[in-house]
Every structure is written in structure tokens, then in C-alpha cells.
1. Of Leu78, Leu26, Leu2, Leu57, which residue is at pLDDT below 95 and in contact with a Ser or Thr (Cβ under 9 Å, 6 or more places away or on another chain)?
2. For the stretch 14-53, what are the residues that are polar (S, T, N, Q) and out of contact with any helix residue (DSSP H, G or I) (no Cβ under 7 Å at 6 or more places or on another chain)?
3. As an exercise: evaluate Ile64 against (1) within 30 Å of Lys14 (Cα to Cα); (2) assigned by TED's automatic domain parsing to the domain that holds Val163; (3) in a strand (DSSP E or B) and give the number of the one condition it does not meet.
4. Starting from the stretch 1-26, take each residue that is over 18 Å from Gly38 (Cα atoms) and list its partners that are modelled with pLDDT under 85 and of a type outside the set (Lys, Arg), counting only C-beta distances under 7 angstrom and pairs at least six apart or across chains.
5. Can you name every residue in the stretch 103-136 that is part of a helix (DSSP H, G or I) and within 23 Å of Leu26 (Cα to Cα)?
6. List every residue pair whose Cβ atoms sit under 6 Å apart, with the two residues 6 or more apart in sequence or on different chains, where the first one lies in the stretch 113-131 and is touching a residue at least 40 places away in the same chain (Cβ under 8 Å) and within 16 Å of Ser176 (Cβ to Cβ) and the second, anywhere, is part of a loop (DSSP other than H, G, I, E, B) and small (Gly, Ala, Ser).
Amino acid sequence: MLIDNQDKNLVEKKLSSQKIFDGVLLHVRKDEVELPNGHKGVREWIEHPGASAVIPLLPDNQIILVKQFRYPVGKVTLEVPAGKLDKVGEDPIECAKRELSEETGYTAGKIWKLTTIATTVGFSDEYIHLYAATDLQQGELHPDSDEFINVVKIPLTAALQMVESGKIFDAKSAISILLLAKQVFHKKSEAI
């Protein structure tokens, strides 16, 4: 979003930046900033390469999700297939296609963008590009060596209920389900 004149009083200016942690996936920085009122402040934040996610839709309005254990929350979650961009400049749609194939075994004849979200703007620069896919061809699941995944097919209407009840609480998955449902069910209502 562009900063207009009335929002210029909100902008912070970076004075210095220091790497705190340089991991495989995450890179933590600590920046000193000048606040809009002229005082100094500290911002700790995480650099992330970005990611793509894809929600596969079957002709019978079932979607394909993956179950996996997520260590930070200590739970098995139900999510859309997703993964990080592997290299700087990787096309997000190519990442989505790769993750669809790796995590579900499917390839898509048609794939389109739903939106892009910033996951946690208070402490990370991560963006996830959300896609939907149809005209699916089943193949062999081939996850990364450190991924343990169960593939699940559920009706889109059931997934909506799971988002509303909090059973699906992963943000990228909830948003993907809501946006796809809007497209699928809106198109049907237009045809009536």
C-alpha cells in the first residue's frame, strides 16, 4: 500500500540494523528506528523468503488438504499444501505447483491466484501467495525428507465449517478456504 500524505506521520526511519540470528529458514534482525515523534525505538523482526500455498479443488467440490505435526504449536494441523520460496526471485506460482506435487502427488491443469497475504506484520516480512488449482491429475506423493504428511479430501462446505469452529486455524488455510468458497458458491448462485 502506498503511503499518502496523511500517513507520513506514521512512518518510522531505520537508523541501524543488526543480525541477531541467521538460521536455515528464519533470519532475525534488530533495528534501531527513529519514531515519528523523533524518539528512538527498537524493532526486532524476522526476515522470511516468502512462500506459496495452493488449495486443490476436485470436480465434486472436495478440497485436498494435508495433515502434519507443527512443532511450534504442538499440534497436528489441517492445512492447504504450502512451502517457502526456494530461491531469490522464484516465481510464486512455480513454488505453488511444486508444493502441490510434493505434498499431495497432484498436478494441476489450471491454477490461479487468490491473493497475497502478509502473515504477521508485527514481527515478520513474510508474504504468502495463495493459489487455487483445478483439473487435477493424481500422481505420487513425494514430500521433502523431513516432512511427514497425511493427505485428506474433505468437502469445501465442511472445511468452511471447520474454519468457523476453529478446527482449521492456520491463517493461510483459513483464508484460502474462505476465498475459494466465495468463488465457487458465488459462481453457482450466478448460474441459477
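1. Answer to the selection: Leu26.
2. Result: Ser16, Ser17, Gln18, Asn37.
3. Ile64 satisfies every listed condition except (1).
4. Within 7 Å, no pair qualifies.
5. Glu103 - this is the single residue of the stretch 103-136 that is part of a helix (DSSP H, G or I) and within 23 Å of Leu26 (Cα to Cα).
6. Within 6 Å, the pairs are Tyr127/Gly50.
So that you can scan it fast, the table gives a plain yes or no per residue for (1) surrounded by fewer than 18 Cβ atoms within 10 Å (Cβ to Cβ); (2) farther than 19 Å from Ile117 by Cβ; (3) at pLDDT below 95:
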{"position": "Gln137", "(1), (2), (3)": "yes, yes, no"}
{"position": "Glu140", "(1), (2), (3)": "yes, yes, yes"}
{"position": "Asp146", "(1), (2), (3)": "yes, yes, yes"}
{"position": "Val151", "(1), (2), (3)": "yes, yes, no"}
{"position": "Leu156", "(1), (2), (3)": "no, yes, no"}
{"position": "Gln161", "(1), (2), (3)": "yes, yes, no"}
{"position": "Lys167", "(1), (2), (3)": "yes, yes, no"}
{"position": "Ala171", "(1), (2), (3)": "yes, no, no"}
{"position": "Ile175", "(1), (2), (3)": "no, no, no"}
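Rundown of residues vs (1) more than 16 Å from the chain's Cα centre (by Cα); (2) farther than 30 Å from Gln6 by Cα; (3) of a type in the set (A, V, I, L, M, F, W, C), yes/no style:
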| site | (1), (2), (3) |
| --- | --- |
| Gln18 | yes, yes, no |
| Glu44 | yes, no, no |
| Leu65 | no, yes, yes |
| Gly74 | yes, yes, no |
| Thr77 | no, yes, no |
| Lys84 | no, yes, no |
| Arg98 | no, yes, no |
| Trp112 | no, yes, yes |
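The values are calculated or read from the model by the stated rules, or taken from the named source; none is laboratory data. These figures come from a predicted structure and were not determined experimentally. We place every Cβ from the backbone using ideal geometry, glycine too, and count neighbours over all the protein chains shown.
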